[in-house]
Each structure stands twice: as structure tokens, then as C-alpha cells.
Amino acid sequence: MSTPASLPRLTRHALSALSQHVLSPGHAAWREPSIGIVHLGIGNFHRAHQALYTEEAMLAEGGDWGICGVTLQGDVAKRNALMEQEGVYSVVERGPEGAKVTVVRALREVLAMPHDHDALFARLADPSVRIVLLTVTEKGYCRNAKTGDVALDNPAVVHDLSHPHAPRSVPGILVAALRQRRDAAREPFTVLSCDNLAHNGAALRQVVCSFAREFDPALADWIAAEVAFPSTMVDRIVPATTDSEHATVAAALGYRDAAPVPCEPFRQWVIEDRFPAGRPAWHAVGAQLVDDVTPFELAKLRMLNGTHSTLAYLSMLGGFATIDEAIADPAMRNLIHAMMTEEIAPTLNMPASFDVADYRDALLARYANPALKHRCAQIAMDGSQKIPPRLLGTIAARIDAGQPFTRLALAVAGWMTFLRGYADDGSRYDISDPLAENLKALAASANGDPRALMDALLGVREIFTAELAAQPAFRAALLHALQLLQDNGARAAVAALQ
């Protein structure tokens, strides 16, 4: 059997031999598009999500929407690997029935900042580029969490304000590129955030405008008036690439791919339909183009992210290593099903076309996918940042409605108990969190007393508001859940809440 290293490299020249692995519209040949999209922060998620949608959209209705991908961390190795393959790569979709390998062609160019600074800004000045798309994570926005404006103490922002023609930060790059378009009297591009950040379009608009206002108020006013920043909601589980993907692709294609991407079968993209300069026909290939993304954001945040965190913390205590292993436990599945049905879904206000029960069932099926092995330890990271939007907002909505939230309280109690640093069987694990040292010290100071643990952690204002921390119903439900975990362990506590 050939090993991946012994096979020829995957390139565009190989595509004619791989017809069963490339997307086809069924009625027309693929035409190589010119570049119409610049994507900042190219990584696995973009290549398994927006790039795939974009290729399908071009096959469905045409258009020059080829993608220039940009790595912002100086990752020359990634740039070189993809460019040696002329931008093509494979997506390995792993489901219960096995693996499906698809070769994607929408990526036409890859640049690495700061090495390709001039090439990037030449591309961004090109009127053919009508969308700049981002997946840079919330950290990449250089955003002041309290004000929403650009963080003026961020080192990259400090640099960019002093060197506006050699920017390093995302807001610096966007403002410099938009200044080029304004000064050349060219139509601005649309800026499309696809990061997991509430109201991501509006949030990015505020960051960009506040950055521009620091040195050119007129430019800030022009951006605010002329540039569209639609919001989006994206969803697809895209794990890190492993040796398994390289082997799967080699066996399926007979070619060596240096940059394959694994993912689950499920995908979702909800987009605020505001594109003055035009867009690909994403609506024709499954994306939802809507007037307001907010209800979909909230559904994902509470139904998916909230239950994901619940599974992660209770699993870390109960000894489940992966999400599929946890949801295969009947008591855990029943808990999550009831939590979504009875406690979370009633807090949502969705369009009539959105079936919450179908969404719930799709989530449960995704969790059960045995091919992904989504690690609970990975989902459990950064709980201090995740707990407030994923769980506390839903609890507040239940309190306002005068409704119970027993399972949601168990989720928060699971996170608090998780901070002790060991599972019910005594095995230890690391706690990765921006507030880790403080949180671990507070948990240790409780000496195993549930009330002391609750009081200590409810005092952390970065997580719990004073109003919620003092709310009698919240305190009573949380203390009951903490005591349940203390007395019985996570598995028995979950079983008790059926």
C-alpha cells in the first residue's frame, strides 16, 4: 500500500482524474473564477464552511467569487503548502456512515502577513474584490470588552496607530484598506464577520469606526455611512487535522494532500442579507439569508453552546472523555433533551419557519456522531467567558418568566465543581481559563462545602452580576445542584434529574 508521502501532490492538474470527488452542478463545467473575496484568518473552519458554500454557489449560479485567503500570524508554512497545491485541498466529512472526501477549488491564492503586505493591499484595492470575510476569533477584533470600541492598549493597535501604512491588527488592516478605496473613489467592499461573537457585524463595525476615529474622523464617518457590516451565524464542528485525515485522503484520492480538513456532515450559515456590492448565490446552496440574525444567534448560543458546556463539565466530573461517549449514556441524553425542550426552547422567539424541535433533534444527532471524538476537555476550556452567555442569560430569562431551571442550575453547578480540578473518581485534569488561578483558589478555599463554593464563586463579578448572585431562586437552585453533585457524583446527579 502506498503511504501518503510516496504519492503525487494534489494540485489542480489532478482534478480531471478526481471527478467523483469534486463538486459538480450537474449541468456545467467548472470555470476557474477570478478573485472576488479576501478572507482574513484562513483556517480549517473557513475551508470547511464558507469556502465550500462559495464554491457551491458559483456552481449553482456562476460569478467571480474566487477566494484569496490570508493567514495573519505569519504562517508561511500554511501559505506554501496550499499554494504548492494551487489552492486546492480536500474536506473529509466524517459521519456515522463513514468518511466522504471532497476536493475544494474556490481558494485561488494564499497570502501570509506581514510577509505579503504589498500583495494583500493590492488585492484589497482591486474593485473586483467586493467582500472581505473574517474568521479571526473574538481575540482578533482587538476589542475593549466593556466599551465595544477598539482596545487602545492592545499592542497591535498601539503599533498600527503609529504605523497606519504597515498595520498588523485586523481593525488596522481593514481601515487602511478602506482608506485606499475611499481615496481612489472606489466602492467599498462589504465586511463580513463569521466569528462566534454576538451581533458580530455590528461589533466589528464599532471596532473599525472607533479605530479610524483615533486618527481620521472623516474616514470614520465615511466608513459608518458607506460600508456594510452584515452579521452572521455559523455552525459546523471542524476539529484539528490529524494523521487520520492524511491517510483517508490518500486512500480515497491516490494523491497526497498537505492540508486536508475534517468536519461533521452538519453545517449552517445564517447571513444578514446586506451586500451593496453583490454576493455569491449562497441562498441557492443552503445558507439562510435573513433580515435579522439575532434569533438564530440566540438559538445556537443557548441550545448548542449551552448544552455543549453542560455536557463538558458534567462529563469531566463523571469520566466521559468525548461528547459522543457522554450523549450515549441514556441518563445524560435524557437530561440534555429535557433541558433543551423544557428550559431553553421556551426562552427563544424564532421565525415561524424555524422548527425548534427539529433543531434539538439535529443537535442530539450531531453529539452522537462517533467519528468526530470532540473532547470534553477542549469544550470545558475558558468557562469564565462561556458560562455567562451560554447559561446565565437563559437562567435570567427563566427567572423573569417565573419558570424553573433545575437542569440549567446543574450545568452551572457542574462548572463550579469542575474547578476543584479532579473528577469523581479522583483523576485530575488541567483547568484552562483566563481566570484559572483565581477560580482554582476560590474553589480550594471552600474545602468541599457546597455553600462556601457557591458564595465564593458568585462573588466573581467578571462572571456573575451582583443582581443574579443575590437572586434567591438562583441561589436555592444552585445550592441544591451543588449538594447533589457533592453527595452523589455527576452521573448519579444527572440520573436524579430525569
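Summary of values
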{"read-out": "Residue in the stretch 78-92 that is over 22 Å from Y255 (Cβ atoms), out of contact with any His (no Cβ under 6 Å at 6 or more places or on another chain) and not in a helix (DSSP H, G or I) present", "value": "no"}
{"read-out": "Selection from the stretch 291-331 of residues that are touching a residue at least 40 places away in the same chain (Cβ under 8 Å) and not in a helix (DSSP H, G or I)", "value": "V293, G319, F320, A321, T322, A328, D329"}
{"read-out": "Filter result for the condition that a residue is under 25 Å from A338 (Cα atoms), surrounded by fewer than 19 Cβ atoms within 10 Å (Cβ to Cβ) and not assigned by TED's automatic domain parsing to the domain that holds E97, over A409, A473, A441", "value": "A473"}
{"read-out": "Odd one out for A218, checked against (1) assigned to a helix (DSSP H, G or I); (2) in contact (Cβ under 8 Å) with a residue 24 or more places away in the chain; (3) surrounded by fewer than 22 Cβ atoms within 10 Å (Cβ to Cβ)", "value": "(2)"}
{"read-out": "Among residues of the stretch 266-310, those that are under 27 Å from A326 (Cβ atoms) and surrounded by fewer than 17 Cβ atoms within 10 Å (Cβ to Cβ), counted", "value": "1"}
{"read-out": "Sole exception among (1) acidic (D, E); (2) within 25 Å of N349 (Cβ to Cβ); (3) touching a Gly at 6+ places or on another chain (Cβ under 8 Å) for D400, by number", "value": "(3)"}
{"read-out": "V207 being in contact with a Pro (Cβ under 7 Å, 6 or more places away or on another chain) and crowded, with 17+ Cβ neighbours inside 10 Å", "value": "yes"}
{"read-out": "Hits in the stretch 11-66 - residues which are part of a loop (DSSP other than H, G, I, E, B), on the phi < 0 side of the Ramachandran plot and in contact with a Pro (Cβ under 9 Å, 6 or more places away or on another chain)", "value": "D64, W65"}
{"read-out": "Members of the stretch 237-263 that are touching a helix residue (DSSP H, G or I) at 6+ places or on another chain (Cβ under 6 Å) and not aliphatic (A, V, I, L, M)", "value": "H246, Y255, R256, D257, P260, P262, C263"}
{"read-out": "Residue under evaluation D292, criteria (1) more than 21 Å from the chain's Cα centre (by Cα); (2) more than 16 Å from R407 (Cα to Cα); (3) charged (D, E, K, R), criterion not met", "value": "(1)"}
{"read-out": "Residues within the stretch 338-374 that are over 21 Å from G402 (Cα atoms) and touching a helix residue (DSSP H, G or I) at 6+ places or on another chain (Cβ under 8 Å), tallied", "value": "15"}
{"read-out": "Some residue of the stretch 276-283 being touching a residue at least 40 places away in the same chain (Cβ under 8 Å) and either outside the structural domain of V101 (by TED's automatic domain parsing) or of a type in the set (V, I, T) (or both)", "value": "no"}
{"read-out": "Residue in the stretch 132-140 that is at pLDDT below 95, within 16 Å of R213 (Cβ to Cβ), surrounded by fewer than 21 Cβ atoms within 10 Å (Cβ to Cβ) and in the same structural domain as T232 (by TED's automatic domain parsing) present", "value": "no"}
{"read-out": "Criterion (assigned to a loop (DSSP other than H, G, I, E, B) and of a type in the set (S, T, N, Q)) met by exactly one of T241, T248", "value": "T241"}
{"read-out": "Residues (under 25 Å from the mean Cα position of the chain (by Cα) and among the basic types (K, R)) located in the stretch 226-257", "value": "R236"}
{"read-out": "Residue that is farthest from L435 (Cα to Cα), among those in the stretch 369-394 that are small (G, A, S) and outside any loop (DSSP other than H, G, I, E, B)", "value": "G393"}
{"read-out": "Residue selected from the stretch 80-101 under the condition buried (at least 19 other Cβ atoms within 10 Å of the Cβ) and within 22 Å of the chain's Cα centre (by Cα), by the criterion farthest from G36 (Cα to Cα)", "value": "R94"}
{"read-out": "Tally, over the stretch 110-131, of residues that are over 23 Å from L204 (Cβ atoms) and either in contact with a Gly (Cβ under 7 Å, 6 or more places away or on another chain) or surrounded by 15 or more Cβ atoms within 10 Å (Cβ to Cβ) (or both)", "value": "2"}
{"read-out": "Those helices (runs of 4 or more DSSP H) lying entirely in the stretch 398-498 with at least 2 residues under 29 Å from the mean Cα position of the chain (by Cα) and in contact (Cβ under 8 Å) with a residue 12 or more places away in the chain", "value": "406-418, 436-445, 450-458, 490-496"}
{"read-out": "G421 being under 16 Å from A312 (Cβ atoms) and not aromatic (F, W, Y)", "value": "yes"}
{"read-out": "Residue that is nearest to the chain's Cα centre (by Cα) [pool: residues in the stretch 274-289 that are part of a loop (DSSP other than H, G, I, E, B) and under 15 Å from A57 (Cα atoms)]", "value": "A287"}
{"read-out": "Residue tally, condition under 23 Å from the mean Cα position of the chain (by Cα), crowded, with 20+ Cβ neighbours inside 10 Å and touching a residue at least 24 places away in the same chain (Cβ under 8 Å), over the stretch 148-167", "value": "1"}
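The values are calculated or read from the model by the stated rules, or taken from the named source; none is laboratory data. As the structure is a prediction and not an experimental result, all values here were calculated from the model. Cβ: placed from backbone, ideal geometry, glycine included. Neighbour counts: every protein chain shown.
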